[in-house]
Amino acid sequence: MRYALIGCGRIAPQHLPFALESGFEVVALCDTQSSAIDSLLAATGLCDLSVQRFTDYTKMLESCALDVVAIATDSGSHSEIALNCLKHGISVLVEKPMALSIEDAEEMIAVAQEQGVLLGVCQQNRLNDSTLLVKDALSRGAFGTLSHVSVQVRWWRDNSYYEQAPWRGTWEKDGGALMNQCIHGLDLMRLFGGEEIRQVSGYIANRNHPSLEVEDVGVGFVRFANGVIGTFEGTTNLYEKNLEERITVIGEKGTVVLSGESAQDVEVWHFADPEVMALLKHFDPPPTDSVYGNSHRRVYHLFKEALEGTRPLALDGRCGKRALELVLAIYQSHREGRTVTLPLTSFSTKEMSLSPL
């Protein structure tokens, strides 16, 4: 299967090696800055990789016969590029967030279905070993009646991070701490809490990054359809370094706390069921020094298997839309000063620019 990567910046090293490892034939790399392609190849030790290079993805689509395109560009361009590729009959794997509006996300899902191609989204933390362990316990009913799920993402991003590119920290092309740094934690809250959410209430602010349009801290809660309560706190205002991503799941017969920089460690594993307690003995995830974890590898292997028809695609457009929807609902709740009912039918980060923080 002929593969191309669009966007060769910060997250690209989590894509290119795993595309090759999964058996894709990498035929093209594209970035508006040609130097980014050189940097990516050097960073991944693939300087001898023979590929076509492009600075305009539309010319790449015209020149190359492709089966799969991965999109790792700025958030604001995800939907436009994805739609163009999908309309060419090319399957797409897009980084989070899949889009910055509900309408664009729905159009991406619809076009993929119309064209008979796959739309995958990199919500890779759903595939972390720690996540899979909690899902196993949930599937066994080991928590009993769930009480609530709590998420705290306490990270650090200084001005140099946002100065890497002019699109960062804007409502039109990016979104803030919740959309970028906290979307995975919020997605796992939704996964553990039961997926279907009825109401969302949130408040956001910009406390330490006055040069940005967007939020650097957000708090709030959700009410799941099954009665479970979710609470969240997310920020990029830590001093000098990331502290933690912590996810707590509390039920009548079990308590779990995932911790570490990106919720990949199991800090608490306490259940009434001894068989579920014993599951922790087999928990031995590979070490990682990245907040991205190790799960992009799994994303690629599962995407390849879905393309080959050996299994359904789990991290599909609907999965990506659910994560996006939750963040947008928080934004809408703040902007309108009210509790928002899901599902959302319409909202975009661009609407946030009408109500400066």
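P274 passes every criterion in (1) touching a residue at least 12 places away in the same chain (Cβ under 8 Å); (2) assigned by TED's automatic domain parsing to the domain that holds E172; (3) at negative phi apart from (1). If a residue must be out of contact with any Lys or Arg (no Cβ under 8 Å at 6 or more places or on another chain), under 20 Å from G89 (Cβ atoms) and polar (S, T, N, Q), how many such residues does the range 102-130 contain? Of the residues in that region, 1 qualify. So for the range 277-298 (the condition being crowded, with 20+ Cβ neighbours inside 10 Å, hydroxyl-bearing (S, T, Y) and out of contact with any Leu (no Cβ under 7 Å at 6 or more places or on another chain)), does at least one residue qualify? Within the range 277-298, none of the residues are crowded, with 20+ Cβ neighbours inside 10 Å, hydroxyl-bearing (S, T, Y) and out of contact with any Leu (no Cβ under 7 Å at 6 or more places or on another chain). Among the residues of the range 141-168, those identified as closer than 25 Å to D273 by Cα and either in contact with a helix residue (DSSP H, G or I) (Cβ under 9 Å, 6 or more places away or on another chain) or not in a loop (DSSP other than H, G, I, E, B) (or both) are A142, F143, L146, S147, H148, V149, S150, V151. Look at N180 and say whether it is surrounded by 15 or more Cβ atoms within 10 Å (Cβ to Cβ) and polar (S, T, N, Q). When the stated conditions are applied, N180 passes them. Within the range 208-239, restricting attention to residues that are outside any strand (DSSP E or B) and hydrophobic (A, V, I, L, M, F, W, C), the residue that is farthest from K350 (Cα to Cα) is V228. If you take the residues of the range 318-347 that are among the small types (G, A, S) and either in the same structural domain as D104 (by TED's automatic domain parsing) or surrounded by fewer than 19 Cβ atoms within 10 Å (Cβ to Cβ) (or both), which of them is nearest to H296 (Cα to Cα)? Residue satisfying both the conditions and the ranking: S346.
The set of residues from the range 90-148 being among the hydroxyl-bearing types (S, T, Y) and under 24 Å from Y3 (Cβ atoms) comprises just one member, S91.
Taking the listed residues R53, R10, the one that is among the charged types (D, E, K, R) and more than 23 Å from the chain's Cα centre (by Cα) is R53, with no other qualifying.
Considering only residues in the range 324-337 that are in contact (Cβ under 8 Å) with a residue 12 or more places away in the chain and either out of contact with any strand residue (DSSP E or B) (no Cβ under 8 Å at 6 or more places or on another chain) or acidic (D, E) (or both), the one that is nearest to T235 (Cα to Cα) turns out to be V327. Of all the listed residues (L127, L138), the sole one being under 30 Å from L279 (Cβ atoms) and under 19 Å from the mean Cα position of the chain (by Cα) is L127.
Only one entry of L133, L138, L146 meets the criterion of being assigned by TED's automatic domain parsing to the domain that holds I247, surrounded by fewer than 24 Cβ atoms within 10 Å (Cβ to Cβ) and touching a Phe, Trp or Tyr at 6+ places or on another chain (Cβ under 6 Å), and that entry is L133. Of all residues in the range 5-47, those being in contact (Cβ under 8 Å) with a residue 60 or more places away in the chain and surrounded by fewer than 17 Cβ atoms within 10 Å (Cβ to Cβ) number 4. Just one of the numbered conditions (1) surrounded by fewer than 22 Cβ atoms within 10 Å (Cβ to Cβ); (2) over 16 Å from the mean Cα position of the chain (by Cα) is not true of I102: (2). Residues being of a type in the set (S, T, Y) and within 26 Å of G76 (Cα to Cα) are represented in the range 247-267 by at least one member.
When E195 is tested against (1) of a type in the set (D, E, K, R); (2) within 23 Å of L127 (Cα to Cα); (3) outside any loop (DSSP other than H, G, I, E, B), exactly one condition is not met: (3).
The values are calculated or read from the model by the stated rules, or taken from the named source; none is laboratory data. It should be emphasised that the depicted structure is a prediction, and the values quoted were computed from it without experimental measurement. Neighbour counts are summed over all protein chains in view; Cβ atoms, including those assigned to glycine, are modelled from backbone coordinates with ideal geometry.
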